[in-house]
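Engineer: Let me give you the structure first, and then I'll get to my questions.
Read the figures in this text as sums done on the coordinates, not as results from a lab. Note that the coordinates shown come from a computational prediction; the quantities given were computed from them, not determined experimentally. Positions of Cβ are backbone-derived with ideal geometry, glycine not excepted, and every protein chain shown enters the neighbour counts.
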Amino acid sequence: MPAEKAKGPVPPPGSAVPTDPPADAPSDADAGEAEETTALASRVRRIDESLTRLTAAHAGMALQTREDDEPEPAEEDAPPPAPPGPGRRPVLAAKILVAAVAFLLFAGTALSWGASRWMESTIRPVAALDPTSGSIVDAAAQAGDDTVVILGTASGSSGDTSSSGSRTDSLVLTHVAAGGERVVTVALPTDLEINRPPCQRWDPRAAAYLDETVPAETRTTLGSAYDVGGPRCTVRAVQQLTGMAVTRFVALDMPGVKDMVDALGGVEVCVENPVVDDRLGAIVPRAGTTTLDGEQAVRFAEASAVPTDSSPAFGQAQRQQQLLASVFGEALSARVLLSPGTTRDVAAALGHSMLADNASMQDLLSLSTAQRRLGAAGVTLVPLPVSGVPNTRGNLELRTGDATALFSAVRKDQPLPDSATEPTSRATGAAPDSVTVDVLNAAGRDGLAGQIGTALRGLGYGVGAVSNAPEPSADTLVRFSPDRAAQAQAIAGSVPTARLVPDTGTSGSVQLVLGTSFDGTVRAPTAAPAGTPAAGAPAATCG
């Protein structure tokens, strides 16, 4: 019996045959909800990937571009997310690793920044700048230039409240032309004779100014400006001397450097020639790179009687700039900034030894690092043009014409004159056979004057009276009349612990007074030209 045909209309060929949905099929509302869930998962995935890439970019990392990182499909066409499985675990681990590295780098950077800011906050601010001074030459032309005075003291007076006195040990002026393409540093001898302007009285113990004015003084030393008037008086005296507009000031107490260096565990310096000072002895006995501890660093900075220097102030300025570059470079290194204990110790030393106006540690690091590139294009350290022999007051005198040409060229960013780029020769004094010296014993040691007189005769000097001094003395001195300056310079070269003292009330005399500080050193006059290594002392090249 044939099957019974279905009743009802038959759909035309090719048309869809409607079927009833299964009982468990989702409703239209459920389908919409599933689509929204899929779209949300897609958006979350893209946001997650974007955040991962941003984190990696901050960490300095580059993630490989995924093959499917091409134009994202429209949300309605986006494929459903793959179910979690073993293949997705490495991706998740990579994301966690990148995020962790980025966090650590960010945390380290933030910690270093905070430590450096805290360290700099211990530097004591001081009012030093005087931008309205009438001694500034063509202030408008100097706009944009940076001129920094860096002063070194040797008494614990730069911000140390335990100090009751002060002594200026070194002074340099560094000029950075607008744009930073040329750096010129001039070493200013502190025993340069100047006419000091009137200044507000400075209290070194409190590192503060007093309500008292110190009157102007003629024929005094540049170093006395800080002694009586502190930072502001020093800046005024330098501006009066140079015509430069000083924009930053730093005073650093050199004994305070000892604590900084010891806190850092020592610092490295490189010297082309051994550093052997006439008064301090061998500081760096071999050329090349060496590590200094705190005590050695102070002696390295204070050395001002090194025979191989072209001039005392010039050589000392070079060493101090190199030392500062090493100290501040190490203090701002990640090793130190990420060590709370070391940062604390360095900050404590800074707080006791440094005063500044508009100058940070980073500024000092930049300046002193530039000086380590001496000889490179645009970086020059020059001595101030001065007399080779002190005048009758024991002060160096400015060679006015040469100094005027030097500072004019610096201000105008012009080539420096030949007289400035040629180092000043150290005055060696007269020949020994043209010198006659009286030797006086002020040390209270029997036979000392006779012993030293014999030693001087052996070096070719003429020796006059040999006797005891009328009164004891702690210092070893060479007293001389104005007409015997060259002869006195020769004696001082053979007795390196002696200090030159002119005596304007006499003529035709040179006296060597041996005080209790005399260490027994008597040597032949320096025969080698200044700036050349001593015989047998190999030189090195410092990059």
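Engineer: Using each residue's phi in region 202-215, evaluate 6.51 cos²θ - 1.76 cosθ + 1.60 at θ = phi - 60° and report the 3J(HN,Hα) Karplus result to the nearest Hz, with x for Gly and Pro.
Structural biologist: Running phi through 6.51 cos²θ - 1.76 cosθ + 1.60 with θ = phi - 60° gives 10, 9, x, 5, 8, 6, 8, 8, 9, 7, 7, 9, 8, x Hz.
Engineer: Percent relative contact order of region 432-514, based on C-alpha pairs within less than 8 angstrom and at least six residues apart?
Structural biologist: Relative contact order of region 432-514: 37 percent.
Engineer: When DSSP assigns beta bridges and you keep just the ones with both residues in region 432-514, what percent turn out antiparallel, to the nearest 5?
Structural biologist: 25 percent
Engineer: DSSP beta bridges in region 139-421, what fraction antiparallel, as a percent rounded to 5?
Structural biologist: Taking every DSSP beta bridge within region 139-421, about 75 percent pair in antiparallel fashion.
Engineer: Provide the per-residue ³J(HN,Hα) series for region 410-419, in order, calculated from phi with Karplus coefficients 6.51, -1.76, 1.60 and θ = phi - 60°, each as a whole number of Hz, with x at glycine and proline positions.
Structural biologist: Per-residue couplings from phi come out as 5, 4, 8, 6, 10, x, 6, x, 4, 5 Hz.
Engineer: Let me ask something else about it. What does the highest-first list of 170-182, 231-243, 452-464 look like by mean Cβ count within 10 Å?
Structural biologist: Highest-to-lowest ranking by the protection proxy: 231-243, 170-182, 452-464.
Engineer: Which ³J(HN,Hα) values, rounded to whole Hz and listed in residue order, are derived for region 184-194 from phi using the Karplus coefficients 6.51, -1.76 and 1.60 in 6.51 cos²θ - 1.76 cosθ + 1.60 with θ = phi - 60°, glycine and proline given as x?
Structural biologist: Once θ is set to phi - 60°, the couplings for region 184-194 become 10, 10, 10, 7, 9, x, 6, 9, 6, 7, 9 Hz.
Engineer: Right, here's the next one. Quick one: which residues, 5+ away or cross-chain, put their amide H under 5 Å from the amide H of V510? H built at 1.01 Å from N.
Structural biologist: HN-HN under 5 Å from V510: D438.
Engineer: Amide H neighbours of D169 under 5 Å, counting only residues 5+ apart in sequence or on other chains, H built in-plane at 1.01 Å?
Structural biologist: Amide H neighbours of D169: G152, T153, A154.
Engineer: Normalised by the empirical 2.2 N^0.38 Å for globular proteins, what value does the Cα Rg of region 255-396 take?
Structural biologist: Dividing the Cα Rg of region 255-396 by 2.2 N^0.38 Å gives 1.12.
Engineer: Sticking with this one: Can you tell me what percent of all Cα-Cα pairs in region 432-514 are more than 14 Å apart?
Structural biologist: For region 432-514, the fraction of Cα-Cα distances above 14 Å is 57 percent.
Engineer: Another one. Given H placed on each backbone N at 1.01 Å, which residues far from R124 in sequence or on other chains put an amide H within less than 5 Å of it?
Structural biologist: M354, A356
Engineer: Separate question: Along each of its three principal axes, how wide is the spread of alpha-carbon positions in region 139-421, in whole angstrom units, largest first?
Structural biologist: 49, 46, 40 Å, listed from the longest principal axis down.
Engineer: Sticking with this structure for a sec: With N set to the number of residues, divide the alpha-carbon radius of gyration of region 199-332 by 2.2 N^0.38 Å and report two decimals.
Structural biologist: 1.21
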